[in-house]
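Structure first, commentary second.
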Amino acid sequence: RKEWTAENKKAMKETFQAVDRRFLEGQGTSNPTCGSCALLCLLEGGSLYSAIVGDSRAILVRRGEKGVVTGIPLTIDQNTSHDGECAKVVARSGDPEAIRYNESEVMRGMRREAIKRVGGTLMVTRALGDGYLKDKAYSMWPFNRSLPYITGKPKVSRVEIDIAKDAFVVVASDGIWEHMTNDQVAVEVMRHADCEAEKASSAAVPAKGAKGDKAKGKEKEGKGTKDNIATGLVDEVVRIAARKQCMPVAELRSMRPGGARRGYLDDLTVVIVPLPLIAASKKRAAGGAGGGGEEERSV
């Protein structure tokens, strides 16, 4: 219903802005350069709402005609690679040079490798926190001359789910998308999902005799987080990143998150939601009952 759409969008925007205010009140003075991307998805009946600040991303995994799997984007990356977002930063701040190179990188002769950022420092054009690019109370020179550069107001969108085709929602941090496209992620997720379905089908076949019962029990015990879809996706991203650097996977995994490892592989967070949850959501909206689950993995 139209009133649901308006109410949900308003609630999501107000929630993001309230969290942003509390973030700044708690961290703005002591740590003004501290900030975070945020991405929220809401299921309401057959509608899927997405609210985002930053460059995390959500996609639908869709199996279309002839079994072709594609990744349908639900969000846009709000960073300096998006011309529309850059234009908004310039208009918001009144600074025609708002999207610029970092001066220290240019001075060190790194202009060729440098990337233009908001104020020369931040890749994302919207975020929670990062008060130095928002409010004079938390800012400093040279940023306090042209505020605000960024905002904590999210972009909210809505799509209708096609239960016959849409299998999963994937919500992931930018570390995933630096190494895989939407379609590659969708294919990988569906590949693991099909493998899991095949395992479950095989395990459901009655075994004969005591030996069969024991073997089936062991298979159930051994089936854990290593087999879930989110873990499979993260493992594939790590393998891709290692191949790009001609580095053994074990060596890359042994590096501590952040710091030096970030030059090879950014932090990875993935949440995968199976869309049978939509059917359950519709039942609840109609007064029925339903259930579901999700899988999450971080590195």
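Could you order peptides 167-175, 154-162, 48-56 by the average number of other Cβ atoms within 10 Å of their residues, highest first?
Ranked by mean Cβ neighbours within 10 Å, highest first: 48-56, 167-175, 154-162.
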key: For segment 132-147, Karplus couplings with θ = phi - 60° (6.51, -1.76, 1.60), whole Hz, Gly/Pro x   = 5, 9, 10, 9, 4, 4, 10, 9, 8, 5, x, 6, 6, 7, 9, 10
ask   = When ligands, DNA and RNA are left out and all protein chains stay put, how many square angstrom of accessible area per residue does segment 1-155 have with a 1.4 Å probe?
value = 53
query = Using r as the Cβ-Cβ distance of Met140 and Arg21, and R0 as 22 Å, what FRET efficiency do you calculate, to the nearest 0.05?
reply = 0.60
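Return the FRET efficiency for the residue pair Asp267, Glu65: r is the Cβ-Cβ distance, R0 is 35 Å, and the value is rounded to the nearest 0.05.
Between Asp267 and Glu65 the formula returns 0.45.
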task = Calculate one ³J(HN,Hα) per residue across segment 255-263 by plugging θ = phi - 60° into the Karplus curve 6.51 cos²θ - 1.76 cosθ + 1.60, and present them in order as whole Hz with x for glycine and proline.
result = 6, 5, x, x, x, 5, 5, 5, x
note = Projected area averaged over all directions for the convex hull of the alpha carbon atoms of segment 18-161, nm², comes out at 11.0
ask   = Could you give me the ³J(HN,Hα) list for segment 180-191, computed from phi with Karplus coefficients 6.51, -1.76, 1.60 and θ = phi - 60°, whole Hz, x at Gly and Pro?
value = 9, 7, 4, 5, 5, 5, 4, 5, 5, 4, 5, 4
inquiry  = For Leu40, what accessible surface area do you get with a 1.4 Å probe? Give it in Å², rounded to 10.
reply    = 70
key: Per-selection Kirkwood Rh - segment 34-104 (Cα, Å, 1 d.p.)   = 14.9
key: Distance (nanometres) between label positions extended 7 Å along Cα→Cβ at Cys195 and Ser36   = 3.1
task = Sort out for me the Cα centre separation of segment 116-132 from segment 157-194, rounded to whole Å.
result = 27
key: Spin-label model distance (nm) - Glu97 vs Val249, 7 Å beyond Cα toward Cβ   = 4.7
remark   = Ignoring ligands and nucleic acids, Tyr264 exposes an accessible area, probe 1.4 Å, in Å² to the nearest 10, of 80
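The values are calculated or read from the model by the stated rules, or taken from the named source; none is laboratory data. A quick note: this is a predicted structure, and the numbers were derived from the prediction, not measured. Using ideal geometry, Cβ is built from the backbone for each residue, glycine included, and neighbour counts are taken over all protein chains shown. For accessibility, only protein heavy atoms count, side chains too; no ligands or nucleic acids. Shrake-Rupley method; radii C 1.70, N 1.55, O 1.52, S 1.80 Å.
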